[in-house]
Amino acid sequence: MMWGYNNWWGMGLGMLLWWALLLGIFVLAIYGLVSLLNRHGSQQPLKRPDPLEIVKERYARGEITTEEYQHMREELQR
């Protein structure tokens, strides 16, 4: 009778370890995929907007007058 009880305990423990192993592999695969995608995306340097382009866009949208545009452009080209 005790032998049968130990056998079920061993199977339950074995199944628990098997599922823990599968879960660990799944978590590591997801972690690897996420870190691979993040590394690929971070290879491109961040583009800082060119101040002159910002002034040109503001002028094109009508946010600044011609005089303001010319003054800002002269200041930025120095």
- Label-to-label distance, nm, for residues given as Leu37 and Ile64 (7 Å Cα→Cβ offset): 3.9
- Please sort 28-34, 68-74 by packing, taking for each peptide the average over its residues of neighbouring beta carbons within 10 angstrom, highest first. 68-74, 28-34
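Bear in mind these aren't lab numbers, they're just calculated from the coordinates by the rules spelled out. Because the structure is predicted, anything quoted here is derived from the model rather than measured. Positions of Cβ are backbone-derived with ideal geometry, glycine not excepted, and every protein chain shown enters the neighbour counts.
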